[in-house]
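Enquirer: Right, I'll just put the structure down here and ask away after.
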C-alpha cells in the first residue's frame, strides 16, 4: 500500500492551489497545523494538508492591540511576541499535545481558532471566538476569501470569524487570523481554598463569581480538595479584593494566597491537566450548568473517574481507567445529558476513538442548519471528512 499523500504548502497561495486541485478531483484532505489534536478522533482516509510551514507573524500593532499571523504560527511563538510587549491572548489558549503524552509546542494559531480552544479565563474574558477580528481562508471549492477585518468595531455583513471558530477545518482552510489582544494584568493572585468537599467548593466558586471582586478564573481539584480563585489587575485593587474574598471563606476552610509566577504556574498546570493521569486512562470533556458540577463529579467518581472542574464548575475533565467497561460506552454521555450538559471523548485508544471529536447535534433543525452551512463552504465534503461541524471546544 502506497503512503498517503502529504502536501506541505509554504504560502496561502499554495494552499489555494492544492485545495482547488483536490476539489477538482473530489480528493479529501485532512487539514493539520501542528497536529496537537490529531489523536482526538478516528480519521477518515484523506491526503494530509500540513500547514506547519504557513507560519509567521504578519503584523503586530501593540498600540492598537491587534495581531495578524499565518495559521501555522506556533502558539508559543505568538505568546512570546505578545509577552515582550506585556500583552496576551486573553482567552488563555492551551496546547493539547501533553494530553496525549506529546511534548508541548505543537499547537498553532489556526488550530486554536479552528477548535475554539479556550482556557480558564473563558468565564471572564470569553472564548477564542470572542477575540477573532478577521481571517483569510480557502473554501472547499478552492476559492480564497476573507471575513471580518483588523478593527474591533467591525460589524459589516455576517460574522464569519465566529463561524470559523469551532468548525475544525470542516468549512475552510484558515491561512491567516487577526486577533484582538489585551494587556497582561500587572498583578495576579490566586486564593487556594484548602479542604472544601465538592459541593461546598461548587457553592464557593458560584458565590465568588457572583461577588463584586471580579474573579477571573475559578476551578476545583477534588483529589486534593483545593479550590482556586484568581484575581487580576492593579496591585492595590488586587490586594483589597483578595482580602474581601478571604473574609467570605475563612470560616469554612483554610486559605493560602499565591501570586505572580506561582499563581501562573497553578493555572498553567490546570490547563495542561497535569493532575489527571494519562497512561491507561481515557479523557472526557464535559460541559454542564455550573451548579451541577459537583453532582456530575460525584456520579463519575462512582465509575472510578478522577475529575477536575473549571469555569466555576461548568467544565469538567474526567479521566477514567481504560479497562472500565463504562470508559467507551454511552454511560458518560447519558450522565452528562442527565445533568443538563454534553460530553466529548478527547483521548482514547485507537480502537475506542469516535469518528468525530464531538457529539452531533440531536436537534433535527440544527442538523439541517449545519448541513446547509457545510454545503455552502465545502459542497464536495473534501475538508476533514468525518468530523462533525460544531464539534469545537
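Enquirer: Among 76, 90, 81, which is the only one that is more than 26 Å from residue 386 (Cα to Cα), part of a loop (DSSP other than H, G, I, E, B) and modelled with pLDDT of 95 or more? Break it down stepwise before answering.
Expert: On the way: 76 fails: part of a loop (DSSP other than H, G, I, E, B); 81 fails: part of a loop (DSSP other than H, G, I, E, B).
The match here is 90.
Enquirer: Kindly list the number of the only condition in (1) within 24 Å of residue 118 (Cα to Cα); (2) surrounded by 18 or more Cβ atoms within 10 Å (Cβ to Cβ); (3) not assigned by TED's automatic domain parsing to the domain that holds residue 336 that fails for residue 245.
Expert: Evaluating residue 245 over (1) within 24 Å of residue 118 (Cα to Cα); (2) surrounded by 18 or more Cβ atoms within 10 Å (Cβ to Cβ); (3) not assigned by TED's automatic domain parsing to the domain that holds residue 336 leaves (1) as the failure.
Enquirer: Does residue 45 satisfy the criteria of being loosely packed, with under 15 Cβ neighbours inside 10 Å, in contact (Cβ under 8 Å) with a residue 24 or more places away in the chain, in contact with a strand residue (DSSP E or B) (Cβ under 7 Å, 6 or more places away or on another chain) and not in a helix (DSSP H, G or I)?
Expert: no
Enquirer: Any residue in the range 16-28 that is assigned to a loop (DSSP other than H, G, I, E, B) and either closer than 24 Å to residue 133 by Cα or in contact with a strand residue (DSSP E or B) (Cβ under 9 Å, 6 or more places away or on another chain) (or both)? Reasoning before the result, please.
Expert: Of the range 16-28, the ones assigned to a loop (DSSP other than H, G, I, E, B) are 25-28.
Subsequent filtering for residues that are either closer than 24 Å to residue 133 by Cα or in contact with a strand residue (DSSP E or B) (Cβ under 9 Å, 6 or more places away or on another chain) (or both) retains 27-28.
Within the range 16-28, one or more residues are assigned to a loop (DSSP other than H, G, I, E, B) and either closer than 24 Å to residue 133 by Cα or in contact with a strand residue (DSSP E or B) (Cβ under 9 Å, 6 or more places away or on another chain) (or both).
Enquirer: Out of the residues in the range 269-289 meeting the condition of being assigned to a strand (DSSP E or B) and over 15 Å from the mean Cα position of the chain (by Cα), tell me which one is farthest from residue 352 (Cα to Cα). Let's see the steps before the verdict.
Expert: Filtering the range 269-289 for residues assigned to a strand (DSSP E or B) gives 281-287.
Applying the additional criterion that residues be over 15 Å from the mean Cα position of the chain (by Cα) yields 281-282.
Numbers: 281: 12, 282: 9 Å.
By that ranking, first place goes to 281.
Enquirer: Kindly indicate whether residue 308 is within 17 Å of residue 199 (Cβ to Cβ) and modelled with pLDDT of 90 or more.
Expert: When the stated conditions are applied, residue 308 passes them.
Enquirer: Can I ask one more? Which of (1) more than 27 Å from residue 89 (Cα to Cα); (2) not in a loop (DSSP other than H, G, I, E, B) does residue 266 not meet, given it meets every other one?
Expert: Of the numbered conditions (1) more than 27 Å from residue 89 (Cα to Cα); (2) not in a loop (DSSP other than H, G, I, E, B), the odd one out for residue 266 is (1).
Enquirer: With the checklist (1) under 26 Å from residue 307 (Cβ atoms); (2) surrounded by 15 or more Cβ atoms within 10 Å (Cβ to Cβ); (3) in contact (Cβ under 8 Å) with a residue 40 or more places away in the chain; (4) in contact with a helix residue (DSSP H, G or I) (Cβ under 9 Å, 6 or more places away or on another chain) in hand, flag the one item residue 271 doesn't pass.
Expert: For residue 271, the exception is condition (4).
Enquirer: I'm trying to understand the selection: among the residues of the range 200-247, which are out of contact with any strand residue (DSSP E or B) (no Cβ under 9 Å at 6 or more places or on another chain) and more than 24 Å from residue 186 (Cβ to Cβ)?
Expert: Of everything in the range 200-247, those that are out of contact with any strand residue (DSSP E or B) (no Cβ under 9 Å at 6 or more places or on another chain) and more than 24 Å from residue 186 (Cβ to Cβ) turn out to be 203, 207, 210.
Enquirer: Kindly list the number of the only condition in (1) surrounded by fewer than 21 Cβ atoms within 10 Å (Cβ to Cβ); (2) modelled with pLDDT of 95 or more that fails for residue 197.
Expert: Single failed check for residue 197: (2).
The values are calculated or read from the model by the stated rules, or taken from the named source; none is laboratory data. All figures in this text were calculated on a predicted structure; none of them were measured in a lab. Positions of Cβ are generated from backbone atoms using ideal geometry, with glycine treated the same way; all protein chains shown enter the neighbour counts.
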